1. In whole Hz, what ³J(HN,Hα) sequence does region 17-25 give by Karplus (6.51, -1.76, 1.60; θ = phi - 60°), x for Gly and Pro?
2. Rank-order 275-285, 39-49 by packing density, defined as the average count of other C-beta atoms within 10 Å over each peptide's residues, highest first.
3. Over region 137-289, what is the relative contact order in percent, taking alpha-carbon pairs closer than 8 angstrom and at least six residues apart?
4. Calculate one ³J(HN,Hα) per residue across region 198-206 by plugging θ = phi - 60° into the Karplus curve 6.51 cos²θ - 1.76 cosθ + 1.60, and present them in order as whole Hz with x for glycine and proline.
5. What nm value, rounded to one decimal, do you get for the distance between GLU174 and SER43 when each label is placed 7 Å out toward the C-beta?
6. Based on a Kirkwood Rh over C-alpha pairs, give the Stokes-Einstein translational diffusion coefficient of the chain at 10 °C and viscosity 1.306 mPa s in µm²/s.
7. Figure the gain on full extension for LYS204 and VAL23 (residue separation times 0.36 nm, minus the Cα-Cα span) and round it to one decimal in nm.
8. So for region 6-126: antiparallel DSSP bridges make up what percent, rounded to the nearest 5?
Amino acid sequence: MAGEQVAFFKGGFRPLSDATVSVRSKALNYGLGCFEGIRAYWSKPENQLYIFRAEDHYERLLLSTKIVHLKLNMTVEQLVAATVELCRRNAPREDTYIRPLVFNNSELMSPQLTDEPAELAIYTLPLRDYLDVTKGVTACISSWRRVSDNMIPARAKPTAAYMNSALARLEAKENGYDEAIFLTNDGYVSEGSAEHIFIVREGKLITPSSQEDNLDGITRRTLCQIAPELGFEVVVRRISRTELYVADEAFLCGTGAEVCPLVSVDRRPVGDGKPGPITMALQKLFWRVVRAEVPKFADWCKPVYPK
Ligand code: PMP
């Protein structure tokens, strides 16, 4: 990575330092935006950067814009092409995070969504581990409940919902935990501050559905699709809080978090308090999948540099 990074903004590529908004922007004042988080993985043997499930992330972004009434006049193909070009220009040779952000940039006062076109910004930054995926993390049940889909749509990725995540994460950190786990208003397990959750009981992987006020997750989808390769069955169903305490294994997953073992919840060790064997087997397969090392799933990995 050499020289100043560029961002995609206002329909073109420009230096990152020029991609700025007014303090009057509605996005800043009222959180009227939605976004994506995408990872691109560096493959040393192939000298290649692979964007993971780019189309799926942009399809979700377009669904988010539909839910929160932001008008983005670009197709998935155009968004993927802009992202590939952005990566080529920034030329990372390491694992990279890609952040597309769609927002209402009007400077009029009032938290009103309008029909005018929304602004799109895409930028990249280096990203290795978001959580400690080797040793695992501790978590608590947050005293903050997950915003329900009827409050701020949790199925999408609206910027405003991340106040909920930030408050939960702050509380967890202040109380000595690495992460927070949200319950729904009904008291069932929803998700982490920016991750989904799986538990393992009697050899089966169990995860709550998006009806539990959580994001329509791409890593969760990926794990559900690759787990059968290792002979693991996945069950999508409600999880009670106390099931976390008696699970044999548990882990968080997400674009940032990847597959991250949970070693304790509310100071009760998960299993024997160490990353579990099923979790680690899945993590190992996941890392091969995202670096295009598993032919069956290689279509999920979009090469950035010409082959
Ligand atoms: N839940 C929330 C609230 C998130 O922000 C994220 C990160 N995007 C996830 C779950 C994980 O979803 P994904 O696997 O699609 O990144």
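Quick note: the coordinates plus some simple rules give every number you see, no bench work behind them. Keep in mind that what you see is a predicted model, and the values were worked out from it rather than measured. Because the Cβ atoms are built from the backbone with ideal geometry, glycine has one as well, and the counts that use them run over all protein chains shown.
1. Once rounded to whole Hz, the list reads 5, 8, 8, 10, 10, 6, 5, 8, 4.
2. Ranking the peptides 275-285, 39-49 by packing returns 275-285, 39-49.
3. Computed over region 137-289, the figure is 24 percent.
4. 10, 10, 10, 9, 6, x, 9, 8, 10
5. Result: 4.6 nm between the two label points.
6. The diffusion coefficient I find is 79 µm²/s.
7. Contour length minus the Cα-Cα distance gives 60.2 nm.
8. On the way: 24 of 25 bridges.
The answer is about 95 percent antiparallel.
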